[in-house]
Structures are given as structure tokens and as C-alpha cells.
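Structure first, then comments.
The values are calculated or read from the model by the stated rules, or taken from the named source; none is laboratory data. Nothing here was measured: the structure is a model prediction, and the numbers come from that model. Glycine also receives a Cβ, built like all others from the backbone with ideal geometry; neighbour counts cover every protein chain displayed.
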Amino acid sequence: MYIIGSLYAALQDICSKQYEVALLVIDVEDYAAEIEIEIGFEYGFEYEISNTPGNILAHSNTTARQQRLLMYMQSLGCAVFSISHRRGLPVLNESYDVTRTALRALYNGHEYRLRKPTYNAFERTNLKTRLNSLRISHVVVMGWRAEICVPHTIGVSGIKADMGAIHHGFSVMTCAQILHGNSSNWALYNSKRSHNLKFYSKF
């Protein structure tokens with residue numbers, strides 16, 4: 001459902017109730033940000049261009065909000081999954097991709113790393129098994145791109161065979177302000193149909 005309210009405030013409430021929550025960081029890589037900057041300039045959007053290791057950006061852009069969310073969830077001991085998209089490479093390869101430097105420098109070393117061969121992070125990976133083993137009930141999804149890998153991973157891509165987080169029984173939380181990309185209009189329609197998806201109006 002689409003919710004007028006703050007994702008951050010809702011997350012604080014859920015964590016206080018002892019729910020097990022995980023953060024899924026989808027495809028936040030340096031090359032992705034570079035592509036987005038080019039798209040932003042072309043269409044008149046405003047995107048961040050700073051990529052200094054460990055640099056905490058101003059709170060006015062997407063990566064800055066992602067930094068705040070990552071640090072907050074790590075401070076609570078929540079599971080963090082760094083998920084990258086690489087075709088032709090082993091799905092269970094545990095090495096880093098060139099994750100967005102502004103985020104990578106903030107990881108505390110306890111994150112789980114996973115490669116996905118398709119848009120959907122649950123397809124042909126062991127993500128569901130890992131989440132279940134940690135007794136995760138809620139997942140927060142942030143990353144790139146808002147119109148491709150994010151809805152596929154959530155399970156609202158419109159493809160019937162695309163089994164995402166909501167189909168596997170996870171409650172999903174997200175908002176446009178923590179997603180890179182051109183559009184998250186899918187949320188206005190799909191979030192009304194799924195009780196397992198809560199799309200917040202702001203971070």
C-alpha cells in the first residue's frame with residue numbers, strides 16, 4: 001500500500017517491536033551512478049556526483065539518504081545484503097563488485113554479499129534461504145534502478161513468473177527517495193494490490 005508518511009519513522013517503530021529486519025542494497029555500483037548522472041543531465045534531474053570514500057553527503061540526495069539508512073540499520077545490528085548484478089559470473093561469488101564508493105566505505109564488514117544473474121535478486125540465488133535462516137520478516141529495499149531491478153526483486157514487475165520478496169512472504173518497505181532511477185510509478189498501482197508492500201511517501 002502507498003503510505004503518506006516517513007519510512008525512517010516506520011522502520012524505527014518496527015525495530016522497536018523486535019521484528020527481524022534486513023536491508024537489501026540493490027546494484028549500487030559506481031558505473032550505475034555514472035550512468036544515472038548522464039541520464040539526469042539529459043532529462044533535467046538532479047543527482048549527486050560526489051564519490052569520495054567515506055564522505056557523508058548532504059541529506060538532499062538519494063545516496064545521502066542511502067548512507068543514513070545503511071548506518072542506522074547497521075547500528076541496530078540488522079542484516080545487510082550487498083547485491084550486485086553481473087551476468088555470466090557465479091551467483092555465489094563472495095567478492096566485492098565496485099560497489100558505490102560512498103556506501104562501500106560505510107559497510108562494517110558484517111554484510112552479506114551476493115551476485116544475481118537476473119534483474120530479480122531472488123531468482124537463481126540463495127537469498128530466500130539466507131533471509132529465512134536469519135528469521136527475517138521485513139526487508140527494506142534501496143538501490144538502482146527504480147524501474148527495473150527494484151520492482152523485479154520486490155515482485156511487482158508485472159511478470160507473473162517473477163517471484164519476488166512479497167511472493168516469498170516478506171514484508172517490503174521502501175520509498176522513492178532511496179531509489180536511483182527514472183521512475184517508481186509502479187508503486188502507486190502495485191502497492192495498493194499487495195499488503196506485503198509498503199511504499200512510503202518520503203524517507
Go through the stretch 1-35 and count every residue that is at pLDDT 80 or above and either hydroxyl-bearing (Ser, Thr, Tyr) or assigned to a helix (DSSP H, G or I) (or both). 13
Would you call residue 157 of a type in the set (Ser, Thr, Tyr) and surrounded by fewer than 20 Cβ atoms within 10 Å (Cβ to Cβ)? no
Of 57, 70, the only residue that is within 21 Å of residue 150 (Cα to Cα) and either at pLDDT 50 or above or under 14 Å from the mean Cα position of the chain (by Cα) (or both) is 70
Which of the residues that make up the stretch 118-157 are of a type in the set (Gly, Ala, Ser) and under 16 Å from residue 197 (Cα atoms)? 137, 146, 155, 157
